[in-house]
Amino acid sequence: MEDVSAGELARVIQVQHGVASTFVKSVRVHRGTGNRADWNGLVHIFDLQGHPRAGRAFAWSSPIQGGTAPRYFAVLQDGKIATPAQAVKAASAAIRQWGPKGSR
């Protein structure tokens, strides 16, 4: 799902976190162990405008296993999440904990 635009992700940030954002850059994140890739894709970095706790957000889309629609992610940069790779790791952990639909 690397064809998602920065504008689409800015809308996701607006909906999920209630603030406008400005695109900064995109970086490739490759997460995996050994020869197995858990996730490989582009994470877009945005500066946030007026968020009370965060100055940046990391956003990306990823396919949903068994589906055709993408799932969108917008993770705020905070004390525990400082890099795009940490944002992907945190989102992966949340999916493992809460399941793909967000509930147990």
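Count Lys and Arg as plus one, Asp and Glu as minus one, and take only other residues whose Cβ is under 12 Å from that of ALA74; the net charge is then +2.
Calculate, in nm to one decimal, what SER5 and THR68 gain on full extension: separation in residues at 0.36 nm each, minus their alpha carbon distance.
Length difference between fully extended and current span is 20.9 nm.
Taking 7 Å steps out from each Cα toward its Cβ at GLN14 and GLN86 produces label points 2.9 nm apart. Annotation for VAL27 and GLN97: the two label points, set 7 Å from Cα along the Cα-Cβ direction, are 2.3 nm apart.
Since every read-out is calculated from the coordinates, none of them should be taken as a lab result. If you're wondering where the values come from, they're calculated on a predicted model, not measured in any experiment. Positions of Cβ are backbone-derived with ideal geometry, glycine not excepted, and every protein chain shown enters the neighbour counts.
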